[in-house]
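Single-structure report; data block below.
The values are calculated or read from the model by the stated rules, or taken from the named source; none is laboratory data. Fair warning: this is a prediction, and the values are worked out from it, not measured in the lab. Note: areas computed on protein heavy atoms with side chains; ligands, DNA, RNA excluded. Shrake-Rupley method; radii C 1.70, N 1.55, O 1.52, S 1.80 Å.
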Amino acid sequence: MAVATAGRHVANLIRGGEAAPRERRPRILIVEDEAAARIATLRYLEYRGYSVEAAGSAEEALRMARERRPDVLICDWKLGGGRDGVDVARQLQSEQDLDIIFVTAYAQNELRRSASGVRTMSCLRKPISLGVLAAAVDSLASRRRLH
(Lines give C-alpha, C1' and ligand atoms only; values in the text may rest on other atoms or scores of the structure.)
Protein backbone atom coordinates (compact mmCIF):
# COMPACT_ATOMS: atom_id res chain seq x y z
CA MET A 1 0.00 0.00 0.00
CA ALA A 2 2.82 2.44 0.84
CA VAL A 3 4.41 1.77 -2.56
CA ALA A 4 1.15 2.53 -4.38
CA THR A 5 0.70 5.75 -2.39
CA ALA A 6 4.28 6.82 -3.04
CA GLY A 7 3.85 5.98 -6.73
CA ARG A 8 0.76 8.18 -7.04
CA HIS A 9 2.56 11.00 -5.21
CA VAL A 10 5.57 10.79 -7.53
CA ALA A 11 3.37 10.63 -10.64
CA ASN A 12 1.50 13.71 -9.45
CA LEU A 13 4.76 15.58 -8.83
CA ILE A 14 5.95 14.67 -12.34
CA ARG A 15 2.74 16.15 -13.75
CA GLY A 16 3.64 19.33 -11.88
CA GLY A 17 1.17 19.19 -9.03
CA GLU A 18 1.16 18.39 -5.36
CA ALA A 19 -1.16 15.83 -3.85
CA ALA A 20 -4.37 17.57 -2.85
CA PRO A 21 -5.04 17.41 0.86
CA ARG A 22 -8.13 15.47 1.80
CA GLU A 23 -10.94 17.80 2.84
CA ARG A 24 -11.75 17.72 6.52
CA ARG A 25 -15.36 16.85 7.18
CA PRO A 26 -17.04 18.74 10.02
CA ARG A 27 -17.00 17.12 13.45
CA ILE A 28 -20.54 16.57 14.69
CA LEU A 29 -21.98 16.28 18.18
CA ILE A 30 -25.49 14.87 18.49
CA VAL A 31 -27.47 15.73 21.63
CA GLU A 32 -30.52 13.50 21.93
CA ASP A 33 -32.04 12.01 25.08
CA GLU A 34 -33.87 9.23 23.20
CA ALA A 35 -31.31 6.44 22.82
CA ALA A 36 -32.77 4.86 19.66
CA ALA A 37 -32.86 8.19 17.81
CA ARG A 38 -29.35 9.09 19.04
CA ILE A 39 -27.83 5.78 17.91
CA ALA A 40 -29.62 5.75 14.53
CA THR A 41 -28.49 9.31 13.76
CA LEU A 42 -24.93 8.60 14.89
CA ARG A 43 -24.64 5.47 12.76
CA TYR A 44 -26.16 7.09 9.68
CA LEU A 45 -23.87 10.12 9.78
CA GLU A 46 -20.83 7.89 10.40
CA TYR A 47 -21.89 5.87 7.36
CA ARG A 48 -21.95 9.15 5.43
CA GLY A 49 -18.30 9.70 6.40
CA TYR A 50 -18.63 12.22 9.21
CA SER A 51 -16.79 12.14 12.52
CA VAL A 52 -19.65 11.90 15.01
CA GLU A 53 -20.01 11.82 18.79
CA ALA A 54 -23.27 11.59 20.72
CA ALA A 55 -24.48 12.71 24.13
CA GLY A 56 -27.64 11.74 25.95
CA SER A 57 -27.93 14.78 28.20
CA ALA A 58 -27.16 18.48 28.34
CA GLU A 59 -24.36 17.99 30.87
CA GLU A 60 -22.71 15.26 28.83
CA ALA A 61 -22.99 17.41 25.68
CA LEU A 62 -21.32 20.40 27.35
CA ARG A 63 -18.45 18.24 28.59
CA MET A 64 -17.95 16.50 25.25
CA ALA A 65 -18.14 19.73 23.22
CA ARG A 66 -15.52 21.39 25.39
CA GLU A 67 -13.20 18.41 24.98
CA ARG A 68 -13.74 17.66 21.28
CA ARG A 69 -14.73 21.08 19.83
CA PRO A 70 -17.28 19.98 17.21
CA ASP A 71 -18.15 22.10 14.19
CA VAL A 72 -21.84 21.16 14.14
CA LEU A 73 -24.28 20.53 16.98
CA ILE A 74 -27.38 18.50 16.14
CA CYS A 75 -29.53 19.07 19.17
CA ASP A 76 -32.94 17.96 20.35
CA TRP A 77 -34.83 20.89 21.83
CA LYS A 78 -36.57 19.17 24.74
CA LEU A 79 -34.01 17.17 26.69
CA GLY A 80 -35.08 15.35 29.82
CA GLY A 81 -33.54 16.34 33.13
CA GLY A 82 -33.31 20.11 33.37
CA ARG A 83 -31.55 22.11 30.65
CA ASP A 84 -32.96 22.08 27.15
CA GLY A 85 -31.19 22.06 23.80
CA VAL A 86 -31.43 25.84 23.40
CA ASP A 87 -29.57 26.29 26.71
CA VAL A 88 -26.87 23.92 25.50
CA ALA A 89 -26.57 25.66 22.12
CA ARG A 90 -26.48 29.14 23.64
CA GLN A 91 -23.78 28.13 26.15
CA LEU A 92 -21.60 26.42 23.54
CA GLN A 93 -21.92 29.21 20.96
CA SER A 94 -20.70 31.65 23.60
CA GLU A 95 -17.55 29.51 23.93
CA GLN A 96 -16.80 28.33 20.38
CA ASP A 97 -17.68 28.65 16.69
CA LEU A 98 -20.48 26.15 16.23
CA ASP A 99 -23.30 25.65 13.73
CA ILE A 100 -26.60 24.45 15.20
CA ILE A 101 -29.25 22.16 13.77
CA PHE A 102 -32.23 21.75 16.09
CA VAL A 103 -34.61 18.81 15.93
CA THR A 104 -37.96 18.85 17.69
CA ALA A 105 -41.31 17.13 17.94
CA TYR A 106 -42.82 20.43 19.12
CA ALA A 107 -43.97 23.51 17.23
CA GLN A 108 -41.04 25.00 15.31
CA ASN A 109 -42.19 28.59 15.75
CA GLU A 110 -42.11 28.07 19.52
CA LEU A 111 -38.56 26.71 19.20
CA ARG A 112 -37.53 29.68 17.06
CA ARG A 113 -38.82 32.10 19.71
CA SER A 114 -36.99 30.21 22.44
CA ALA A 115 -33.80 30.12 20.37
CA SER A 116 -33.69 33.83 19.51
CA GLY A 117 -30.08 34.94 19.67
CA VAL A 118 -28.77 31.47 18.83
CA ARG A 119 -27.25 31.19 15.33
CA THR A 120 -29.44 28.35 14.08
CA MET A 121 -28.80 26.85 10.66
CA SER A 122 -31.83 24.52 10.51
CA CYS A 123 -34.84 23.41 12.52
CA LEU A 124 -36.08 19.95 11.59
CA ARG A 125 -39.34 18.39 12.74
CA LYS A 126 -39.38 14.91 14.29
CA PRO A 127 -39.59 12.28 13.18
CA ILE A 128 -36.70 13.43 11.05
CA SER A 129 -35.71 11.93 7.75
CA LEU A 130 -32.05 10.97 8.03
CA GLY A 131 -31.64 11.93 4.38
CA VAL A 132 -32.95 15.44 5.08
CA LEU A 133 -30.68 15.72 8.11
CA ALA A 134 -27.68 14.56 6.05
CA ALA A 135 -28.52 17.16 3.38
CA ALA A 136 -28.54 19.89 6.07
CA VAL A 137 -25.18 18.69 7.38
CA ASP A 138 -23.76 18.47 3.84
CA SER A 139 -24.92 22.04 3.23
CA LEU A 140 -23.14 23.22 6.38
CA ALA A 141 -20.00 21.33 5.35
CA SER A 142 -20.01 23.10 1.98
CA ARG A 143 -20.57 26.48 3.60
CA ARG A 144 -17.69 25.90 6.03
CA ARG A 145 -15.34 24.99 3.15
CA LEU A 146 -16.20 28.24 1.39
CA HIS A 147 -15.43 30.41 4.44
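Please calculate how many Å² of accessible area segment 100-147 carries per residue, with a 1.4 Å probe and no DNA, RNA or ligand atoms counted. With the other protein chains kept in place, segment 100-147 gives 56 Å² per residue.
Per atom type, segment 67-124 shows carbon and sulfur on 43% of its accessible surface, probed at 1.4 Å.
Scanning residues 5 or more positions from residue 69 or on other chains, none has an amide H under 5 Å from its amide H, with H placed 1.01 Å from N in the peptide plane. Taking 0.36 nm per residue of sequence separation and removing the Cα-Cα distance, the residue 47/residue 130 pair yields an extension gain of 28.7 nm.
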